[in-house]
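Below is one structure; the comments refer to it alone.
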Amino acid sequence: MDFSTPIGALPGIGKKRCELFYSLGIRDVEELLYHFPRAYQNRGNVLSLAMTPDGTVGSFVMTVATKPQTFMLKNRKQITKFVAFDDSGKCTLVFFNQPFVKDIFHIGDEFRFYGKLSVKYGSREMSSPVYEPIVSGKKLPDLVPVYPLTEGLTQKLLKSSTELAFNTLKAEGYAFPEIFPSYVLKKYGLMPIEEALYEIHFPTDAEMVQKARMRFVFEELYAFALGLSMAKRQIKKGGNALVMDNTDLTEFLKLLPYSLTGAQSRSVSEIAADLSNGEGRPMNRLLSGDVGSGKTVCAAASLYIAVKNGAQGAFMAPTEILATQHYNELSVLFDKLGIKCALLTGSTSASEKRRICEGVAIGDINIVIGTHALLNEKLSFERLGLVITDEQHRFGVRQRSSLAEKAKKTGGSPHILVMSATPIPRTLALILYGDLDVSVLDELPPGRKTVDTFLVDESYRERLNGFIRKNATSNQVYIVCPTVEESEDSEEGLLPFDFTGEDIEEKEKTKLQSAVSLAERLQNEVFPDIPVGLIHGKMKSAEKNRVMRDFEQNKIKILVSTTVIEVGVNVPNAVLMVIENAERFGLSQLHQLRGRVGRGADKSYCILVSSSNGEKAQNRLKVMCSTNNGYKIAEADLEQRGPGDFFPNSRGDARQSGGIHFRFANLCNMDLLKKAFEEADCVLSSDITLSLPENRGAKEYMQKLFARLQNS
Ligand code: ADP
Ligand code: MG
């Protein structure tokens, strides 16, 4: 037997049980041993019958006092009963439909029972407790693992299978594959693999379990770091990307109504240097910039260079609204330069789609802007040289590479630029985008004013309505609600929020504003004289586009919406952002929403409405009032809630893939993460392909980890 022995080869696991193990993701011995307990019962803490109150779950060591008797109940259930005692008192033990227990419990024998003690009118009873015989010379384990199960599999079976596998391996003298070189084990005081697996499944005590867990956390982070660092080193090595050495932007810049900021110029130069590098190494760059820092024009400049050098460009945005907006903005500009753009989204008509696909295939269309529709197989390029994805954190690694694959078909790896408006703390950027170079737009275009932000509760409703009226009369207003319809508990676009118990409780307490009913109420009762619009994710694309256009053209004055407007929407005349149930949103998300205003010449405001009294929520919202700097907010968010917000959501739409779901580790532990990266770097610098015998285990583990991360 070894780690790769199929689970079905274990004695006692037939075809049917095999299926059950598969459904837990256990296919071989390794996966069985890496199926860790979700908790441990502390059976070592033996309680005394007399001192223990009703309803307590725990261990009792008792001696059997009477012969078990089985009775038939009216409902045809069999009940077997007997009495047992400890130093302090006695207790009736009851088992249903298990008449065979009478052969187990003999008078005078001692057992450890684990379960719930019920005490009624002075008499004690335990119903169907777990029992273990006390045998002299053999200590019962204090901590007993509780495994995650699936229907049809029992704790007992998992326990016995794990024990069997472990003991067989040990008896056969199997060398458990160790992914760490021994000096790393020593340096961080990590438990060697065999001992760690033993402690996880058959723990000596809580401290040892902790130590074992720590090893597996580090193991996973280390493999993760190895994978990312390897990718980065390989990318650096060169390739067959198109060398775009004509990077003169004079014509392009002349057409802009403004001059680039310092940060934009610097970033565009960095991009141009990547595109024109002589070795044909494809660009792999992240352009990170706070909302409104002007990433789009940098993308446009890059696309311009690509086209000038005879290549095509693809520009992918996560939503139709955003893709359309990019198209509207860029096509005007590129028209003047004789560059042909096309827009391809889910709602592009079939005939138009065909026309675009043809145009792209023969190179007649230079730039395609669109949504996921760009990933469609039918779209093939004549010569795709540059792929840009906007709001990268919304896309998974898989989608990123899928567009790149298209380019490879036409020869050569494309240059890749990803843009993110989520200001990511440096530590995390390193991890999430470990394989990318980074340009940062840390300067806003001139004349931007900070958006004054206030936190209010329901008692301000009247005044708030007055303020909305004032701003809707002079300019335009957004109002964002957490849900689309009344009494919904899941809401579109919200990033994972149930990080801590407190947040979940708050969720239940506060009543949520829904976009549909708020829009109705505002239009009918509060602002009958002002055009109110409504937009949310459940509407058809065409309808959303129409509403968005009406808002852009100032036909709608107040736009009630859900977070569909979170990403990238640009309507400079909007000056007030009201966010209902603000406690429901993550900081980074609030910052994104606030970024929809303050885009024009007029003073802008953001009002966070929240009646939540939760201290955590209040503190979070106060951060919003105190700064407009996305990077500071991101740091605070990371500190307060962990890195959940920086990862794509696990539910629905484009956000699902690319989320990082570790088995043991999480990314909160920055310290450990940094160490993992340091060690990985160190190992790779002497063995870049991980082919030394001592690193082969790590390589295999890393490959498996990434296969899993990409599929989740
Ligand atoms: P984001 O980085 O959030 O994607 P955008 O690219 O949408 O930002 O730019 C926000 C606004 O700033 C747009 O209206 C754009 O025209 C404007 N803008 C971009 N760069 C400059 C600049 N250098 N000077 C003035 N305005 C600019
Ligand atoms: Mg943008």
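For the chain, take the longest principal axis of its alpha carbons; what is the angle in degrees between that and the long axis of helix 615-626, to the nearest 10 within 0 to 90?
The helix 615-626 is inclined about 20 degrees to the chain.
Within the stretch 317-344, list the residues whose amide N lies under 17 Å from a label point set 7 Å along Cα→Cβ of Arg549.
Zone members listed by number: 320-332, 343-344.
Please check which bits of the stretch 107-128 a label hung off Lys81 would reach, taking the label as a point 7 Å along Cα-to-C-beta and the cut-off as backbone N under 19 Å.
Within reach of a label on Lys81: 107, 116-128.
Given labels modelled 7 Å from the Cα in the Cβ direction, how far is it in nm from Leu140 to Asn376?
Taking the two extended label points, one gets 6.6 nm.
Nearest 20 debye, what's the magnitude of the dipole of the chain about its Cα centre given +1 on Lys and Arg Cβ and -1 on Asp and Glu Cβ? Walk me through the intermediate numbers first.
Details: 87 positive and 86 negative charges, 198 e Å.
Charge dipole of the chain: 960 debye, to the nearest 20.
Extension gain Gln98-Gln69, at 0.36 nm per residue separation less the Cα-Cα distance, in nm? Before the final figure, lay out each step's value.
Details: separation 29, 0.36 × 29 = 10.44 nm, distance 1.12 nm.
Once the chain is fully extended between Gln98 and Gln69, it gains 9.3 nm.
What list of ³J(HN,Hα) couplings, whole Hz, do you get for the stretch 586-592 from phi and the Karplus terms 6.51, -1.76, 1.60, once you set θ to phi - 60° and write x for glycine and proline?
Each residue's phi maps through the Karplus curve to give x, 4, 5, 6, 4, 5, 4 Hz.
Per-residue HN-Hα couplings for the stretch 163-170, Karplus 6.51 cos²θ - 1.76 cosθ + 1.60 at θ = phi - 60°, whole Hz, x for Gly and Pro?
Karplus-based 3J(HN,Hα) across the stretch 163-170 equals 5, 4, 4, 4, 5, 5, 4, 5 Hz.
Where Rh denotes the Kirkwood radius from the mean inverse Cα pair distance, what is Rg over Rh for the stretch 44-140?
Numbers: Rg = 13.1 Å, Rh = 13.7 Å.
Reported Rg/Rh, Kirkwood definition of Rh: 0.96.
Taking loop as defined by DSSP and a crowding limit of 11 other beta carbons within 10 Å, which trypsin sites (Lys or Arg not before Pro) in the stretch 118-200 fit?
Details: sites: Lys120, Arg124, Lys138, Lys139, Lys156, Lys159, Lys170, Lys186, Lys187; in loops: Lys139.
Here the trypsin sites (Lys or Arg not before Pro) that fit, given the DSSP loop and packing criteria, are Lys139.
Stretch Asp671-Lys704 to full length: gain in nm at 0.36 nm per residue minus the Cα-Cα span? Could you put the intermediate results ahead of the total?
Details: separation 33, 0.36 × 33 = 11.88 nm, distance 2.42 nm.
Length gained between Asp671 and Lys704: 9.5 nm.
Projected onto the charge dipole of the chain (+1 at Lys/Arg Cβ, -1 at Asp/Glu Cβ, origin at the Cα centre), which of Ala39, Ser517, Ala680 gives the Cα projection farthest towards the positive end?
The listed residue farthest towards the positive side: Ser517.
Counting other Cβ atoms within 10 Å of each Cβ, which chymotrypsin sites (Phe, Trp or Tyr not before Pro) in the stretch 212-265 have at most 13 and sit in a DSSP loop? Mind dumping the intermediate values first?
On the way: sites: Phe216, Phe218, Tyr222, Phe224, Phe252, Tyr258; in loops: Tyr258.
Loop-located and lightly packed - Tyr258.
Taking a ≥ b ≥ c as the square roots of the Cα gyration tensor eigenvalues, with a/c under 1.5 meaning rounded and otherwise prolate when a/b beats b/c, else oblate, which class fits the stretch 113-168? Before the final figure, lay out the partial values.
Values: a/c = 3.48, a/b = 1.56, b/c = 2.23.
Oblate, since a/c reaches 1.5 and b/c is not below a/b.
Which value in deg cm²/dmol, rounded to the nearest 500, describes the helix-derived mean residue ellipticity at 222 nm for the chain, given -39,500 (n - 2.57) per DSSP H run of n ≥ 4 and division by the residue count? Mind showing how you got there, number by number?
On the way: 22 runs with 270 residues, N = 712.
Value at 222 nm, helices only: -12000 deg cm²/dmol.
With a 1.4 Å probe and all protein chains left in place, how much accessible area per residue does the chain have, in Å²? Don't jump to the answer; show the numbers that get you there.
On the way: 31800 Å² over 712 residues.
With all protein chains present, the chain gives 45 Å² per residue.
Strictly over 21 Å apart at the Cα level, which of Lys186/Lys674; Lys81/Lys156; Lys470/Lys544 would you flag in this model? Don't jump to the answer; show the numbers that get you there.
Numbers: Lys186/Lys674 18 Å; Lys81/Lys156 23 Å; Lys470/Lys544 26 Å.
Pairs exceeding 21 Å: Lys81/Lys156; Lys470/Lys544.
Quick check: Cα centre of the stretch 304-364 to Cα centre of the stretch 571-635, how many Å?
Here the answer is 33 Å between Cα centres.
Report for the chain the percent antiparallel among DSSP-assigned beta bridges with both residues inside it, nearest 5. Show your work: numbers first, answer last.
On the way: 34 of 88 bridges.
Here the share of antiparallel DSSP bridges comes out near 40 percent.
Any idea how far apart Arg521 and Glu19 come out in nm if each label point goes 7 Å out from Cα toward Cβ?
About 5.2 nm separates the two model spin labels.
Contact order normalised by length for the stretch 3-85, with contacts defined as Cα pairs under 8 Å and 6 or more residues apart; what percent is it?
Working: 79 pairs, mean separation 15.5, N = 83.
Reported relative contact order: 19 percent.
Could you tell me which trypsin sites (Lys or Arg not before Pro) in the stretch 516-568 are loop residues by DSSP with no more than 16 other beta carbons within 10 angstrom of their beta carbon? Spell out each step's value before the answer.
Details: sites: Arg521, Lys538, Lys540, Lys544, Arg546, Arg549, Lys555, Lys557; in loops: Lys538, Lys540, Lys555, Lys557.
Here the sparse-neighbourhood loop sites are Lys538, Lys540, Lys555.
Per the 1.4 Å probe, what fraction of the accessible area of the chain, in percent, lies on carbon and sulfur atoms? Don't skip to the end; give the middle numbers.
Details: 16420 of 31800 Å².
Summing carbon and sulfur atoms, their accessible area is 52 percent of the total for the chain.
Asp205 to Cys625: FRET efficiency via 1/(1 + (r/R0)^6), r the Cβ-Cβ distance, R0 51 Å, to the nearest 0.05?
Values: r = 48 Å, r/R0 = 0.94.
So the FRET efficiency works out to roughly 0.60.
The values are calculated or read from the model by the stated rules, or taken from the named source; none is laboratory data. Remember, it's a predicted structure, so these values are computed and weren't measured experimentally. As a convention, Cβ positions derive from the backbone with ideal geometry for all residues, glycine included, and neighbour counts pool all protein chains shown. When the accessible area is computed, the model is the full protein with side chains, heavy atoms only, and any ligands, DNA or RNA have been set aside. Shrake-Rupley method; radii C 1.70, N 1.55, O 1.52, S 1.80 Å.
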